[in-house]
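Following: one structure in structure tokens, then a few remarks.
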Amino acid sequence: MGNKKSSLIQLHIAVFLFGVSGLFGKFLTQPSIIIVLGRVFFSSIFLYIGLTITKENLKLKSRKDILIIAFMGVILAIHWCTFFQGIKFSTVAIGLLTFSTFPVFVTFMEPFFFEEKLKKEDIILAFITFAGVTFVIPDFHMGNEMTIGVIYGILSSLSYAVLSLLNRKYVKEYKGVVIAFYEQLVSLAVLLPFFFIMEPVLTKKDIFLLLLLGTVFTGITHTLFINSLKDIKTQTAGIVSSLEPLYGILLSIFLLNEILSIKEIIGGTIILGTVFYSTIKNIKNENK
């Protein structure tokens, strides 16, 4: 099997597993903070073992890099906590759909990070995307749990946009798996005090699911995704990654019996359509 074909298979497996991870917000009855804490605890151990075996250089080059990567770890903790909180208040579908709007935030933030010009077409796409978000809200008021779920989903999307732009800056300096390890290690340090504050009672089932989430659906998935980029263009990875919410939504229908309403289907189609179009457009612009 050729390297490119093997990498493409790894990429699809990684994106599928990323999509499945959202279901743990429903499988686990623990608070979102505890879910994320368990996730980064097991994933940090897994990644450290992997990095030790492969003898990767874990040394960061400067104090500035240490501070910024630590900040990225804090943002990751916020992203995952708001992501699972959005799913707990609403559904897996709404959590994944609202999270998938992050390219819109990236579009507006890129001019500040990379001095890239904001285009009129991007602004129009942003409005269309958020019009799609309004469709997935059945009744907009703060007493509605679906509305609260959407708000958490948007916060998850916003924090991930910041994280992805910072990753884009630092992936040129360090290997992606090294950045992922430090981000998750910092997230663990940030969230650990909540374990003693909240004093959760973890069952054997909880521990098993958190172990599964941290190793298979985080550590292994990140490793597969990063390895796939060796022979796959970043643009191709972007297109395949657009399938993540679709995988998660289909699984939530079959495993959790979460049936989408007509409005949610319309809203989801608008959101995923604009995100996919934006990804294709960016690829064409980068290839010019």
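What the table shows:
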| item | result |
| --- | --- |
| In Å, descending, principal axis extents of the Cα set of region 1-116 | 42, 41, 32 |
| Dipole magnitude of the chain about its Cα centre (Cβ charges: Lys, Arg +1; Asp, Glu -1), debye to nearest 20 | 880 debye |
| Residue order, fewest to most surrounding Cβ atoms within 10 angstrom, among Glu121, Glu244 | Glu121, Glu244 |
| Span-like helix ranges in the chain, DSSP H, alpha carbon extent 20 angstrom or more, Kyte mean at least -1.0 | 3-21, 32-53, 63-89, 120-135, 145-170, 176-198, 262-286 |
| Proxy reagent accessibility, fewest Cβ within 10 Å first, across Phe130, Phe41 | Phe130, Phe41 |
| For the chain, Kirkwood radius (reciprocal of mean inverse C-alpha pair distance, Å) | 19.5 Å |
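Read-outs: derived from the displayed coordinates by stated rules, not from any lab. This structure is a prediction, so every number in the text was calculated from the model and none was measured. No Cβ is skipped: glycine too gets one built from the backbone with ideal geometry, and neighbour counts run over all protein chains shown.
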